[in-house]
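All remarks here apply to the structure that follows.
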Amino acid sequence: GWGGGWTGDCYHVLLYAHLQPEIVFDETIATRGLDGFRVLVMPDCDVLTETVAAKIKAFQAAGGLVVGDERTCPAVKPDIVLKVCQRTGRADADKQALQACAAELRRVLDARYQRPVETSNPDVIPYLRRSGQTDYVFLVNDHREYGQYVGQHGLVMENGLPVNATVAVRRSGGAVYDLVNSRPVAARVVEDRLGFAAALGPCDGGLYMICPEPIAAVRVEAPEQVARGTQARCLVRVVDAADRPPAAVVPVDVSVRDADGRLAEFSGVYGAANGQAEIVLDIAANDPFGIWQIDVRERASGSAARGDFRAGSPSPAPPAKGP
């Protein structure tokens, strides 16, 4: 449902602290335990089943950190205790209180837990995902002010504002690309973090890809000729300067046009896993014969390429003389 009350606000605290929270329920813990987690946050857990309490104790005994509040049931002794934040009805003051709680949580966690990604601004909320050796950083701009809808009552800050932030990812290097605007981003390593600047518009978001080596080109491989009524197998390849595919899923825009220049089926956006995407085109028996074109643009560096193939041929051949 909706994230009302302290439980929902505690989730906001974790986002403002630039952690990556995943919601788990009693049933989740009872069936699969807490393997794979480093920190367990327990807002409003004043009552637990015996099974769940035992699982949490085992998690804590194995080195897991438990963050509770003054309402945590006596069976569990938290390593860190959060102060419950009660909303006042003023959106700006309540947000400041939650961000202050997030800053305190970060302070006590820093000695025992390393965040994989963080930003210099608590209003820019990051989330990190990974494929192979490549990181993907999602950003959400939560910088807001009061507007004319319910802002006049102080309940909600509904107007978005632009924001700038520096993003830091815990890795020793890599090439950074803005996947929304299809361009490389300048980055540098400070200690054990790779940092780059991000500028987000009002109510905006961002998606950045960090791969080990820069992307040099995109290529399209297609057969020379395909009979109508069969399939054309085309391969899109994204490569680095050494002609090697990146260990990444690279988004690519693909436009297929038939011999009459019309946009054909299977045009769209593909994910080139490990730098490759195979596109299988069904060439119908009544499709126009002639040269078909495949235009590809990868969404990281903006590199583009074109391939073509001949579909069928006139049959029967035109007569030697005109009619």
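The values are calculated or read from the model by the stated rules, or taken from the named source; none is laboratory data. Remember, it's a predicted structure, so these values are computed and weren't measured experimentally. For neighbour counting, all protein chains shown are included, and Cβ atoms are generated from backbone atoms with ideal geometry for every residue, glycine included. These area figures cover heavy atoms from the full protein model, side chains too; ligands, DNA and RNA do not enter into them. Shrake-Rupley method; radii C 1.70, N 1.55, O 1.52, S 1.80 Å.
Worth pointing out:
- Debye intensity ratio I(q)/I(0), log10, segment 60-181, q values 0.16, 0.21 Å⁻¹ (C-alpha model): -1.02, -1.23
- Sequence of His18, His153 from largest to smallest accessible area, 1.4 Å probe: His153, His18
- For segment 176-296, the Cα-based Rg and Dmax, in that order, read 18.1, 62 Å.
- For segment 215-284, accessible area per residue (1.4 Å probe, heavy atoms of protein chains only), Å²: 50
- Rg followed by Dmax, in Å, when segment 228-323 is reduced to its Cα trace: 16.4, 59
- Thr7/Arg38 FRET efficiency (R0 25 Å; Cβ-Cβ; nearest 0.05): 0.75
- Excluding exposed DSSP-loop GluC sites (Glu not before Pro) (at most 13 other C-beta within 10 Å), longest clean stretch of the chain: 71-190
- Taken over segment 1-89, the alpha-carbon convex hull comes to 107 cubic angstrom per residue.
- Annotation: extensible slack from Asp260 through Asp92 equals 54.7 nm (criterion: 0.36 nm per residue apart, minus Cα-Cα distance).
- Length added when fully stretched, Val280-Ala30, from 0.36 nm per residue minus Cα-Cα: 85.5 nm
- Cβ-Cβ FRET estimate between Val47 and Asp192, R0 fixed at 30 Å, reported to 0.05: 0.10
- Spin-label model, Gln133 to Leu235: label points 7 Å out along the Cα-to-beta-carbon direction sit 2.1 nm apart.
- Label-to-label distance, nm, for residues given as Ala111 and Ala61 (7 Å Cα→Cβ offset): 2.6
- For Lys95, Lys77, Lys55, the ranking by accessible surface with the largest value first comes to Lys77, Lys55, Lys95, using a 1.4 Å probe.
- Protection proxy ranking of 170-182, 248-260, by the mean of other Cβ atoms within 10 Å over each peptide's residues and highest first, is 248-260, 170-182.
- For the chain, the 222 nm mean residue ellipticity estimated from helices alone, with every DSSP H stretch of n ≥ 4 adding -39500 (n - 2.57) and the total spread over all residues, rounds to -5000 deg cm²/dmol.
- Exposure ranking of Ile23, Ile291 by accessible area [1.4 Å probe, largest first]: Ile23, Ile291
- Solvent exposure of Arg130, expressed as accessible area, is near 150 Å², computed with a probe of 1.4 Å over the protein chains only.
- For the chain, the convex hull spanned by the alpha carbon atoms encloses 202 Å³ per residue.
- Summed over the residues of segment 146-204 and divided among them, the accessible surface reaches 56 Å² per residue at a probe radius of 1.4 Å.
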